[in-house]
Structure formats: structure tokens, C-alpha cells
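Encoded as C-alpha cells, the structure appears first; notes follow it.
The values are calculated or read from the model by the stated rules, or taken from the named source; none is laboratory data. Computed from a prediction, not measured in an experiment: that's the story for all the values here. Here Cβ is always computed from backbone atoms with ideal geometry, including for glycine, and neighbour counts include all displayed protein chains.
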Ligand SMILES: Nc1ncnc2c1ncn2[C@@H]1O[C@H](COP(=O)(O)OP(=O)(O)OP(=O)(O)O)[C@@H](O)[C@H]1O
Ligand SMILES: [Mg+2]
């Protein structure tokens, strides 16, 4: 089972869009996928119009078992939603002796999936640490502009520090350039710089596409909403790329192209 967090402290870089469409695309390729929202903004809930009885926060508070927080969205695709109350989880997480492992203890009870994909909030608090302690792989959506590139460098440093401080081995296995508009020089330059720095890790860019903005209003993934759009084509390419990594990343345990600093 591959456990992948979609993570970047920078807001609005396409984390949620990537988490949703990667999960939806993988499920269409016969992979059993659990999509988990760990952002108190609950964007996955809103974007896919999920009607869940309980959120991940309820499981973290011990109110319900994690299995009761899982909602089926279609063939091969389940989701665990977040809630605004997760904003208060930092307080709760700060209590136990190993605050970074609270989520892992809960999610380790979940099995039977090929992929668990976790959407992270744009911040680097205890919630993010908990996600990082659970997942073996990190995908970093990176907006193709100067600040986006800087945010990528910051995330690499944070993940390296996290691995050292907590004695973990979270691996950056994909950098996903987003919001790409090849008419803009800064997009072309940033993409070239990122590809240059990380030739093995950098995915094909996800182009700016208005259908990706519209799909959440319809409560659909890009594949259901506009299957012939650029957005669908780009995310399909990412899905195929992620599937092609399966051999080398079985469980995320063995050697593959990664960066830790
Ligand atoms: N490739 C794209 N083209 C056009 N719009 C996009 C693209 N990717 C994402 N968007 C839109 O940009 C906005 C931000 O995207 P998204 O919510 O996925 O970012 P995020 O990193 O999850 O944000 P946050 O940090 O707030 O959680 C949304 O309105 C989304 O629909
Ligand atoms: Mg988001």
C-alpha cells in the first residue's frame, strides 16, 4: 500500500486539485484508493459533495472507529472527510507523549487499499507532522513561479529536518509543477529550473485550465466533468506516471529516485 501526502506549506498551489484528481484517476485504473482530507478547510468534502457521518477529527477524538469515517464515492474510491473542528486538533495532538504519531496510530488500522492519498493543509503544524509520520511518500505540487520555486526549496528543507528530528524516512518522490502557462516566461523559466534541479522527480506540468476550477462546483473530478480538457489530459499523464513508479516504490520502502534535502 502506497501512502502519499500531497503537501506544500504554500497555499493555493493545487494540492487539493491534485489529491482529488490523482485519487479519481488511480481508481479508474483499477487501483483501490482511499482519499483523506486533513485540511480543516474541508475542500475535498466541498469539491466532491461528500455526505459523511463522521470526519477524521471524530476518529482522532476517539468518538468513532476510523472505519466509520469512510464514505464510498464509487468503484475503487473511498474518502475520509475533514471538518472545521480539526482546527482545534493541534491542542489535542499536543497532549500525548508522541504527538506526531496520533494519526498514524489511527490510520494504521486502515488496510485493503493500493493507495492512501492525504491532502494536507497549507501550514506546518502538528497536523502536517502527523501526516508526514504516517506517509512514506510526499508529492509536492509546485506553482511554476518564483515564489512557488522558493516554497519547494523550503518544503525540501522542512522534510529533511523532519526526518532528522523524528528519525523518519519520508521521501519526496514527485514534484508536480502546477498552474503552468507556457505563454508566461516565468512559468517556462521556473519549470526549466525545477526540472534541472530534479530531473528524476519532476512530473509533466499541470497546465492552467479553467475546467479544473469549474469541476468542484459540479462536485466532480476532472475526468467526470470534462474528460477531454487539458486538465484531464494532464492529470491522466500524472496518474500513468505514478502507476509506472509502482514497481520501484512497492510500499515506498526501497530505493528510488528521491531527495531528502
Ligand atoms: N491547473 C489549474 N488551472 C486552473 N485552476 C486551478 C488549477 N489547479 C488548481 N486550480 C484552482 O486554484 C485554486 C487553488 O487550488 P487548490 O485548492 O487545489 O490549491 P491548494 O494548494 O489545495 O490550496 P490550499 O493551500 O488553500 O489548500 C482552486 O480554485 C482550484 O480550482
Ligand atoms: Mg487545499
Matching residues in region 66-124 (touching a residue at least 60 places away in the same chain (Cβ under 8 Å) and more than 16 Å from ligand 1 (Cβ to nearest atom)) number 10
Go through the residues of region 212-225 one by one and say whether even a single one is in contact with a helix residue (DSSP H, G or I) (Cβ under 9 Å, 6 or more places away or on another chain), at pLDDT 95 or above, surrounded by fewer than 16 Cβ atoms within 10 Å (Cβ to Cβ) and not in a helix (DSSP H, G or I). yes
Note on residue 48: of the conditions (1) under 21 Å from residue 110 (Cα atoms); (2) more than 10 Å from ligand 1 (Cβ to nearest atom); (3) touching a residue at least 24 places away in the same chain (Cβ under 8 Å), unmet is (1)
Scanning region 186-211 for residues that are more than 12 Å from ligand 1 (Cβ to nearest atom), in a helix (DSSP H, G or I) and surrounded by fewer than 19 Cβ atoms within 10 Å (Cβ to Cβ) gives 186, 188, 189, 192, 193, 195, 196, 197
Could you check, for region 16-39, whether at least one of its residues is within 16 Å of ligand 2 (Cβ to nearest atom), over 26 Å from residue 156 (Cα atoms) and touching a residue at least 60 places away in the same chain (Cβ under 8 Å)?
yes
Only unsatisfied item for residue 62, checking (1) under 26 Å from residue 168 (Cβ atoms); (2) in contact (Cβ under 8 Å) with a residue 24 or more places away in the chain; (3) away from ligand 1 (no atom under 16 Å from the Cβ); (4) not in a helix (DSSP H, G or I), is (2)
Only one of (1) buried (at least 17 other Cβ atoms within 10 Å of the Cβ); (2) more than 30 Å from residue 157 (Cβ to Cβ) does not apply to residue 65, and that is (1)
The helices (runs of 4 or more DSSP H) lying entirely within region 82-185 that contain at least 3 residues which are over 30 Å from residue 70 (Cβ atoms) and in contact with a helix residue (DSSP H, G or I) (Cβ under 9 Å, 6 or more places away or on another chain) are 146-166
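Conditions tested, residue by residue: (1) under 12 Å from residue 152 (Cα atoms); (2) more than 16 Å from ligand 2 (Cβ to nearest atom).
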residue: 179; (1), (2): no, no
residue: 185; (1), (2): no, yes
residue: 190; (1), (2): yes, yes
residue: 198; (1), (2): yes, yes
residue: 202; (1), (2): yes, yes
residue: 205; (1), (2): no, yes
residue: 217; (1), (2): no, no
Across (1) assigned to a strand (DSSP E or B); (2) surrounded by fewer than 16 Cβ atoms within 10 Å (Cβ to Cβ); (3) under 15 Å from the mean Cα position of the chain (by Cα), residue 72 clears everything bar (3)
Going through (1) over 26 Å from residue 144 (Cβ atoms); (2) crowded, with 17+ Cβ neighbours inside 10 Å; (3) within 16 Å of ligand 2 (Cβ to nearest atom) one by one, residue 84 fails only at (2)
